[in-house]
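Single-structure report; data block below.
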Amino acid sequence: MFNAKVKSEVLKGIIDVVSPLVNEVKFNITPKGISLRAVDPAHVAMVDLEIKSDAFDEYKATNMELGIDMDKFASIIRLSTSNDMVNLEYDEDTNRLIIKIGNLVRKMGLIDTTGMPDPKMPNLNLPAKVVLKASELTQGVRASETVSDHLALTVNKDDFELFAEGDTDTVNLKLPKDLLLELDTNSKCKSLFSIDYFSNMIKPVRGDDPITIMIGNDNPIRVEFNIAENKGHVTYLLAPRIESE
Amino acid sequence: MQITTSKNQSKLIKTPKKESFSLCALCRGTKFLCGKSRCPVIVRYHSRDKIKPLINTLKIGGASPPSVFIGRIGYPKVSIGPMIPPIMGDTSIIDTPELWLDKTLDDIVDFRSMLIRGKHTVDIYDVENSNKTVQFTRELALSKNSVFTEAIFSKKPQGNIAFYDEIQPHGPSAPIKKFDITNPKYEQHIEKAYYDTDLKSRDAVFNLYKDGLNISKIQRAFSVGAFGVKKFRKFVPTRWSITAVDSTISETLMKNTKTYPLINEYRVYQHNQFDNRWVILMMPTEWMYELIEAWYPNTTWNPYGGGISIFNSYEFYKGRNTYAEIGGCYYSARLAVNELLNKERRQAGVVILREAHPGYIMPIGVWNVRESVREALRNPYQKFDAIDKAMIYFSSIMDIPLQRWIKNSAVLKNKLFQKRLEDF
């Protein structure tokens, strides 16, 4: 059973987090909330999402799985404005999700979840941790997009650095410790990442909200932040580029 | 030289010496980037006048292959009309590029240069105009076989053979005064789509493709606005219609490709055509695709160059939503590789390498790309268990060193440098 009532903006937040990476996903529903873990088709990035039941205005559920086509779901939720209340109900008899927005009733067919994998979170050794305002990072990433398709992130003892290099142009963003909310490392850590993926991962975080980044040397990056008024949590992993000749 | 700074085009590789030749490879005679009023590359080929005596007349009669041409200059008011050779009989080969792989460049130019293009200016939305030229042009485009056609021009046909990047070349042109055709017989599948005014053109095009029609036939009918929901029908310039059809069909095929299991090995296919050397690398990864073209000095789109110009366009699994930098050939080749993958019900990452050697002296249209890649994929392939071995093998076929291919390839770089989560 699954029956919930929630502000449209919470659902829009979930869509922003998930749909840049994967289209067909499996939500795990429990009485405590909903969660999802999925890997993109290229096996380069992973998204892990948890939304507590108190992010919803009303929430009643037993343990179950919901297979959802995110593109379709997004096109339905797009019909609502941010403050609209959306009612979600699982119809067991027809295996559909009944979505009510105001007086609109939209019944959506679900995807079969058998055979959809439960990816494991790899055990990573990421010694450097930085917490910073989303807006600072977004500026650097947007600048890099015009220059290259990958960027280097470096955490030093006293600063955090973003660097991108194209054929003729470069971008450098250096944030000293006092501009960061937190910086914790024992040694210099540096890895390279695809800008395309990375910019999708920080896009859902608005304004001055904090983003947590953990990196190592030529290791994946771990990006974490909260959504749904801190009642939801997102973890992304992104595999690095390693340019050894 | 700064070509442009847009993100995708920043991948275009700057060439070391003079500047003008990169410009030509980007422009290919369409954008007049060099500032001249006529493209000097194209004019160079305007010297043939073998057929002049045959067409030095105001009246021409002959069997149209069938063939039509929709111009793009002046859009949305464009020149439409038939293409007529001054000969009789079954002329269908003249406008069926699918049959030209065993011809030489000279053969193709010879028979294409016989096609006289009649011109009649019309608004693109005016597909149902009662004007006879509009009607007969459409009927020609829907016809199955060669049709006897007569045209009276208001001026003698002007100009020499016209070459384009995407379109097959054709002969001189003249404004049409009067135009008549005898009893065309419609291609039945196309006729059905034509009379179905609720069928979307995307579906019409793909259904016809599944029915086994040649791309050139579908494209011809597409260009006269024969498909689609009635109120949206319009003339589509021939140049655009070719890429529209290639792109539409390959998009549908690609959707299937992305659901199939991966191939089990690295494959290298190869083919030589018109002094173009083709290598197709297939990798056991999710769908991604790239076409890299290397133009040698003194080839079609690199006539003044001192070095080889290399250009690429690519897409990853999610696809791309901007027009490919290298043009229509990107979509033609994408169609060809997806045909094979759909037939085998397999998914792969594909990189196509093309070396255009100096024997490729003139543009003959993107059909050359589509048919050459198709031909390569009909040949047996070499199998490898690792990408290194596959790359070493194809670099033995190609003249350009492997490192330069990698440097110019987004997909190869991704494959070699982008790690995956399971690597950790």
Condition check: exposed (fewer than 15 other Cβ atoms within 10 Å of the Cβ) and closer than 23 Å to A:Thr30 by Cα. Does A:Thr94 satisfy that? yes
Inter-residue pairs, beta-carbon under 7 Å, first farther than 12 Å from A:Leu183 by Cα and in segment A:209-223, second modelled with pLDDT under 95 and among the charged types (D, E, K, R), 6+ apart: A:Pro210/A:Lys133; A:Asn217/A:Lys190
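How many of the residues making up segment A:177-195 are more than 14 Å from chain B (Cβ to nearest Cβ) and not in a helix (DSSP H, G or I)? Steps first, answer last, please.
Applying the first criterion (more than 14 Å from chain B (Cβ to nearest Cβ)) to segment A:177-195 yields A:177-190.
Narrowing the set further to residues that are not in a helix (DSSP H, G or I) leaves A:180-190.
Total satisfying the criteria: 11.
For (1) among the aliphatic types (A, V, I, L, M); (2) within 11 Å of another protein chain (Cβ to nearest Cβ); (3) under 25 Å from B:Ser409 (Cβ atoms), each residue gets a yes or a no:
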position	(1), (2), (3)
A:Gly140	no, no, no
A:Asp149	no, yes, yes
A:Val155	yes, no, no
A:Val171	yes, no, yes
A:Tyr197	no, yes, yes
A:Gly207	no, no, no
Residue count, segment B:407-420 (criterion: more than 9 Å from every other protein chain (Cβ to nearest Cβ) and surrounded by 15 or more Cβ atoms within 10 Å (Cβ to Cβ)): 5
Which residue out of A:Asp159, A:Asp209 is surrounded by fewer than 16 Cβ atoms within 10 Å (Cβ to Cβ), over 19 Å from A:Leu36 (Cβ atoms) and either modelled with pLDDT of 90 or more or not aliphatic (A, V, I, L, M) (or both)? A:Asp209
Give B:Ala174, B:Ala221 a once-over and let me know the one that is in a helix (DSSP H, G or I) and either modelled with pLDDT of 95 or more or among the aliphatic types (A, V, I, L, M) (or both). B:Ala221
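Every residue, every condition in (1) part of a helix (DSSP H, G or I); (2) surrounded by fewer than 14 Cβ atoms within 10 Å (Cβ to Cβ); (3) charged (D, E, K, R), yes or no:
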| site | (1), (2), (3) |
| --- | --- |
| B:Thr133 | yes, no, no |
| B:Leu140 | yes, no, no |
| B:Ile152 | no, no, no |
| B:Asp165 | no, no, yes |
| B:Ile190 | yes, no, no |
| B:Tyr194 | yes, no, no |
Which fully enclosed strands (runs of 3 or more DSSP E) of segment B:300-390 have 2 or more residues being within 20 Å of B:Leu262 (Cβ to Cβ) and more than 18 Å from the chain's Cα centre (by Cα)? B:349-356, B:382-384
Look through segment A:34-58, keep the residues that are assigned to a strand (DSSP E or B) and at the interface with chain B (Cβ under 7 Å from one of its Cβ atoms), and return whichever of them is surrounded by the most Cβ atoms within 10 Å (Cβ to Cβ). A:Met46
Note on segment A:6-26: residues over 15 Å from A:Lys231 (Cα atoms) and part of a strand (DSSP E or B) are A:Glu24, A:Val25, A:Lys26
B:Asp102 versus (1) in contact with a Ser or Thr (Cβ under 9 Å, 6 or more places away or on another chain); (2) surrounded by fewer than 22 Cβ atoms within 10 Å (Cβ to Cβ): which is the lone unmet condition? (1)
With A:Gly232, A:Gly216 as the choices, which residue is within 11 Å of chain B (Cβ to nearest Cβ) and surrounded by 13 or more Cβ atoms within 10 Å (Cβ to Cβ)? A:Gly216
Tally the residues that are at pLDDT 95 or above and of a type in the set (A, V, I, L, M, F, W, C), restricting the search to segment B:264-276. 1
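The values are calculated or read from the model by the stated rules, or taken from the named source; none is laboratory data. Since this is a predicted model, take the numbers as computed values, not measurements. So basically every Cβ, Gly included, is an ideal-geometry build from the backbone, and we count neighbours across all protein chains shown.
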